[in-house]
Amino acid sequence: MASLAQLHITLPDGTIHQLPPGSTGNTLLKRLPASLAKKALAMEVNGATWELSRTFTQDAQVNFLTWEDDAGKAAFWHTSAHLLAEALEILYPHIQLGIGPPIANGFYYDVDFGTHPLRSEELPKIEAKVKQLLKRKRPLERIVLSKAEAMAHFIHHHNPYKLELLEGLADGEITFYRQGNFVDLCKGGHLPNTSYIKAFKLLHIAGAYWRGDSNRKQLTRIYGISFPKQRQLEAYLHFLAEAQKRDHRKIGKALGLYTFSEQVGSGLPLWLPKGAFIRDQLIDFLKKTQIAAGYQPVFTPHIGHKNLYITSGHYEKYKESTFKEIKTPHPTESFLLKPMNCPHHCILYSAIPHSYKALPIRFAEFGTVYRYEQSGELHGLTRVRGFTQDDAHIFCRPDQVKTEFMRVIDLVLYVFQQFGFADFQAQISLRDPKKANEYIGDPALWDKAEKAILDAVAASGLKANTVLGEAAFYGPKLDFMVQDALKRSWQLGTVQIDYQLPIRFDLTYIGQDNEKHRPIMIHRAPFGSLERFIAILLEHTAGKLPLWLSPEQVVILPISTHYVAYAQQVAQALDKHRIRVQVDERDEKVGRKIRDAETAKIPYMLLVGEKEAQHNSVAVRKQGHGQQGNISLAAFIDSLPPISAPQHPF
């Protein structure tokens with residue numbers, strides 16, 4: 001502990017500053033380079049985000065947060081949410097505020113508008129009010145109240161949502177924040193004052209059930225974004241426009257890949273022929289690659305006995321996101337739609353006795369699983385209720401874990417390479433020691449599993465960040481976050497080491513000593529799910545898929561009906577080379593045919609007319625690149641990139 005005379009504040013570089021009692025973050029900033037003081041938005045004190053004006057009460061580890069830090073952005077957007085709430089209370093005095101947190105990109109506020117719901121057309125009016133408020137340089141003042149005082153405040157303001165939040169808080173230091181006349185319940189993490197916000201934009205509104213419970217009232221969620229500079233907002237809005245063009249839901253509809261129907265059920269995609277072709281190509285590509293790498297394809301049912309998932313531990317952890325039980329006439333039978341594949345693969349492993357010589361056993365399945373996602377969380381193919389995982393489970397001896405894990409890393413990187421995901425970040429996800437109750441199994445086995453991942457990643461030469469608290473409930477994992485063409489991060493590919501399920505299912509193998517031993521299980525899925533992978537691939541490529549994955553590779557466009565016969569001859573020649581081709585025989589102008597082919601993202605267009613028919617040639621147009629020249633048909637075929645899936649390297 002610090003003496004009464006001095007506090008000891010340690011910065012990330014290890015330097016220690018002695019400060020007198022009553023010192024704040026601003027006090028310390030005066031001792032540091034002016035450039036940092038100019039950029040600092042808030043500070044991290046022993047892991048918690050504080051305002052720069054808060055007083056240090058004890059020795060602390062301190063890190064100043066800028067716009068370059070995620071926690072710095074969170075403080076910026078947290079303050080912006082308070083500004084939004086203030087403007088709403090001024091414009092709509094009858095409302096009741098819910099919660100308003102920062103999120104990955106911006107912030108939102110959940111609001112009960114009573115009998116007069118907010119319309120999107122009103123957002124500019126709210127923005128204008130926020131901009132009025134931003135002209136005032138108002139500090140955010142932290143106020144500490146007792147629970148009784150806090151309850152009295154919201155009883156007076158007739159706000160049941162804030163009262164419910166207070167019920168979950170222990171008595172003691174309950175904090176409010178004030179800017180001007182606006183006061184809100186808040187744990188903190190704010191800007192010094194509102195003048196830091198130079199650009200503010202409300203994006204859209206949506207419905208959101210209070211506390212995510214579909215049985216509770218639906219509130220209006222208002223999404224927004226803000227920045228320290230106007231040009232940053234302009235760049236972000238440009239990014240959103242580009243993202244909208246690449247939205248897989250828009251592309252999927254335009255290309256006729258898949259659909260949804262309420263008659264079938266929300267979140268259950270239906271694949272049209274072109275989409276089914278893409279799925280089949282992806283499955284075929286990975287299946288052949290896996291077989292070459294020593295995996296054995298298996299197949300398991302779409303349902304399983306409830307006790308199967310109780311044994312695995314999944315039911316206890318995820319029962320809220322599983323579909324309701326399927327009852328049968330037999331009173332003791334109860335089934336679930338399969339929420340995951342790994343328990344089924346454990347049963348497959350146990351069906352046959354295994355010797356240490358037979359290990360590793362690698363089971364692979366494109367298994368469809370079902371999760372009951374809340375309707376408000378469904379989003380195209382990225383968040384669905386039925387999806388197919390490229391799941392595999394490796395059962396191996398302890399001495400094989402490192403090698404097998406490294407082989408999986410190689411497989412994941414190979415998959416990324418084939419689809420142009422060159423930018424990615426690997427993340428080692430470990431348990432949080434402070435939340436031991438969230439994980440199953442012996443801590444000593446967790447230590448072994450975590451060491452195995454760290455050793456394997458180090459041996460592979462893969463650079464990876466280590467994050468606490470992101471492990472699966474049964475084991476640590478290595479996750480891959482890829483960046484798409486718009487620099488958005490997506491979690492694709494995961495590898496997990498599991499000591500727990502082999503224990504729960506009593507899996508064994510006979511060792512060299514003729515005794516029973518416990519195998520170790522590695523879970524892995526390079527795609528993650530076919531649905532989500534296809535969505536990300538569509539957005540990454542803007543629908544311009546690799547030639548081998550395109551349902552239609554070439555379209556032949558006769559410039560008039562006189563040349564349809566020659567177009568058919570060209571099509572037959574291409575078909576002999578297994579090139580997927582069609583002839584656009586419509587009696588339309590060639591310009592219209594070109595536009596339609598561009599919209600359909602067909603990689604190559606071959607225009608044919610009198611000249612081409614006379615010289616057995618084609619006029620080539622490449623999708624998105626325009627006219628490429630007139631060449632012989634043979635030369636065109638030779639110029640094509642691979643028309644079928646890449647060959648595996650294993």
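The values are calculated or read from the model by the stated rules, or taken from the named source; none is laboratory data. Quick caveat: nothing in here was measured; it's all calculated off a predicted structure. Neighbour counts run over all protein chains shown; Cβ positions are idealised from the backbone, glycine included. To get the accessible areas, we keep the full protein, side chains included, count just its heavy atoms, and leave off ligands, DNA and RNA. Shrake-Rupley method; radii C 1.70, N 1.55, O 1.52, S 1.80 Å.
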Out of (1) without any contact (Cβ under 8 Å) to a residue 24 or more places away in the chain; (2) of a type in the set (Gly, Ala, Ser); (3) not in a helix (DSSP H, G or I), the one GLY224 does not meet is (1)
Counting only residues that are open to solvent by less than 60 Å² (accessible area, probe 1.4 Å), on the phi > 0 side of the Ramachandran plot and touching a residue at least 40 places away in the same chain (Cβ under 8 Å), give me the strands (runs of 3 or more DSSP E) lying completely in the range 44-148 with at least 1 of them. 106-112
Conditions (1) touching a strand residue (DSSP E or B) at 6+ places or on another chain (Cβ under 7 Å); (2) open to solvent by less than 30 Å² (accessible area, probe 1.4 Å); (3) assigned to a helix (DSSP H, G or I); (4) of a type outside the set (Gly, Ala, Ser): number failed by PHE285: (1)
Here the residues within the range 176-197 that are open to solvent by 50 Å² or more (accessible area, probe 1.4 Å) and not polar (S, T, N, Q) are ARG178, LYS187, TYR196
Taking into account only those residues within the range 297-317 that are open to solvent by less than 30 Å² (accessible area, probe 1.4 Å) and assigned to a loop (DSSP other than H, G, I, E, B), which is farthest from ILE361 (Cα to Cα)? GLY313
Just to verify a result, which residue in the range 537-564, among those that are of a type in the set (D, E, K, R) and part of a loop (DSSP other than H, G, I, E, B), is surrounded by the fewest Cβ atoms within 10 Å (Cβ to Cβ)? LYS544
Filter result (within 21 Å of the chain's Cα centre (by Cα) and either open to solvent by less than 50 Å² (accessible area, probe 1.4 Å) or within 27 Å of LYS131 (Cα to Cα) (or both)) within the range 213-245: ARG221, TYR223, GLY224, ILE225, TYR236, LEU237, PHE239, LEU240, ALA241, GLU242, ALA243, GLN244
Step by step: first the residues of the range 176-199, then only those that are touching a Pro at 6+ places or on another chain (Cβ under 9 Å) and assigned to a helix (DSSP H, G or I), then the one that is farthest from LEU134 (Cα to Cα). Which residue is that? TYR196
Quick check on the range 508-536: of everything there that is buried (at least 21 other Cβ atoms within 10 Å of the Cβ) and in contact with a Pro (Cβ under 8 Å, 6 or more places away or on another chain), which residue is farthest from PHE363 (Cα to Cα)? GLU531
ILE453 is checked against (1) more than 21 Å from the chain's Cα centre (by Cα); (2) at pLDDT 90 or above; (3) β-branched (Val, Ile, Thr); (4) open to solvent by less than 60 Å² (accessible area, probe 1.4 Å) and fails just one. What number does that condition carry? (2)
When the residues of the range 462-489 are narrowed to those that are more than 27 Å from PRO343 (Cα to Cα) and either free of Cβ contacts under 8 Å to residues at least 60 places away in the same chain or basic (Lys, Arg) (or both), which ends up most open to solvent (accessible area, probe 1.4 Å)? LYS463
Quick check: anything in the range 490-504 open to solvent by less than 30 Å² (accessible area, probe 1.4 Å), closer than 22 Å to PRO398 by Cβ, under 17 Å from the mean Cα position of the chain (by Cα) and not polar (S, T, N, Q)? yes
Open to solvent by less than 80 Å² (accessible area, probe 1.4 Å), under 25 Å from GLY252 (Cα atoms) and of a type in the set (Ser, Thr, Tyr): does that describe SER617? no
Limited to the range 149-175, what total is found for residues that are open to solvent by 50 Å² or more (accessible area, probe 1.4 Å), closer than 19 Å to PHE113 by Cβ and assigned to a loop (DSSP other than H, G, I, E, B)? 2
Just to verify a result, which residue in the range 496-519, among those that are modelled with pLDDT under 95 and aliphatic (A, V, I, L, M), is farthest from LEU413 (Cα to Cα)? ILE503
Residue list for the range 418-434, restricted to those being open to solvent by 40 Å² or more (accessible area, probe 1.4 Å) and in contact (Cβ under 8 Å) with a residue 12 or more places away in the chain: GLN418, GLY420, ASP423, PHE424, GLN425, ARG431, PRO433
Which one of these is part of a loop (DSSP other than H, G, I, E, B), among the aromatic types (Phe, Trp, Tyr) and within 30 Å of ALA542 (Cβ to Cβ): PHE387, PHE421? PHE421
The range 625-650, subset open to solvent by less than 50 Å² (accessible area, probe 1.4 Å) and of a type outside the set (Val, Ile, Thr), residue nearest to ARG407 (Cα to Cα): PRO646
Test ARG586 against the criterion of being over 39 Å from the mean Cα position of the chain (by Cα), at pLDDT below 95 and either farther than 16 Å from ARG621 by Cβ or not in a helix (DSSP H, G or I) (or both), and give yes or no. yes
Collect the residues in the range 228-251 that are within 25 Å of LYS39 (Cα to Cα), in contact (Cβ under 8 Å) with a residue 60 or more places away in the chain and not in a helix (DSSP H, G or I), keeping them in residue-number order. PRO228
